[in-house]
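Inspection log for the structure reproduced underneath, given as structure tokens.
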Amino acid sequence: MTEKDSLDQRIRDGLLFDSYGMLLTKRQQRVCEMILSQDLSFSEAGEKLGVSRQGAHDLVTRARERMEEYESAFGLVAFGHRLDMMKQSLDENRERLPEDFYSEFRRILEAEVPACLTH
């Protein structure tokens, strides 16, 4: 895995955790918080949880698998990405659009978007 792939995966993991972390078990939530948010190593997280490094790794792996399953079912991360792309396209074409159209469309895109969908 290249450095960019690793960074992309960490970003995706964070987005998945923001969107679906509350659906994980408490133990999975805790280990993901330690690994993904606090940037602890598997050994450090395992020590805090009273499990081995491999145990912490297995917990994170299962949590990632579960969050990917949720994403396949619900698509919140993909939806948030599409919203971001629409906002970017709207902003890039602002000069070509009537101001009232731009303002209204931007308001619609910003309206009541859950925090887990904003990147």
Fill in: Selected from GLU68, GLU99, GLU44 as most flexible by GNM, with the chain as the system and alpha-carbon contacts under 10 Å
GLU99
Worksheet item: How would HIS81, HIS57 rank on accessible area, largest to smallest, probe 1.4 Å?
Response: HIS81, HIS57
Worksheet item: So what does ILE35 come to for accessible area, using a 1.4 Å probe and Å² rounded to 10?
Response: 10
Discussion item. If I ignore ligands, DNA and RNA and count only protein heavy atoms, how much of TYR102 is accessible to a 1.4 Å probe, in Å² to the nearest 10?
Written reply: 20
Worksheet item: Which value, in Å², gives the accessible area per residue of the chain when a 1.4 Å probe is used on the protein heavy atoms?
Response: 66
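I need the Kirkwood Rh of segment 1-113: take the reciprocal of the average 1/r across all distinct C-alpha pairs and report it in angstrom.
Details: mean 1/r = 0.0617 Å⁻¹.
Over segment 1-113, the inverse of the mean reciprocal pair distance is 16.2 Å.
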Worksheet item: According to a simple spin-label model (label point 7 Å from Cα along Cα-to-Cβ), what is the distance in nm between GLN9 and MET85?
Response: 2.4
Discussion item. Can you give me the % of accessible surface on the chain that is carbon or sulfur? Probe 1.4 Å, all protein chains present, nothing else counted.
Written reply: 53
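Taking the Cα centre as origin and putting +1 on Lys and Arg beta-carbons and -1 on Asp and Glu beta-carbons, what dipole magnitude results for the chain, to the nearest 20 debye?
In total the dipole reaches around 460 debye.
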Fill in: Listed residue (SER72, VAL51, LEU16) projecting farthest to the positive dipole end of the chain, Cβ model
VAL51
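The values are calculated or read from the model by the stated rules, or taken from the named source; none is laboratory data. What you see is a predicted model, and the numbers here were worked out from it, not measured in a lab. Cβ coordinates were reconstructed from backbone atoms using ideal geometry, including for glycine residues, and neighbour counts include every protein chain displayed. Note: areas computed on protein heavy atoms with side chains; ligands, DNA, RNA excluded. Shrake-Rupley method; radii C 1.70, N 1.55, O 1.52, S 1.80 Å.
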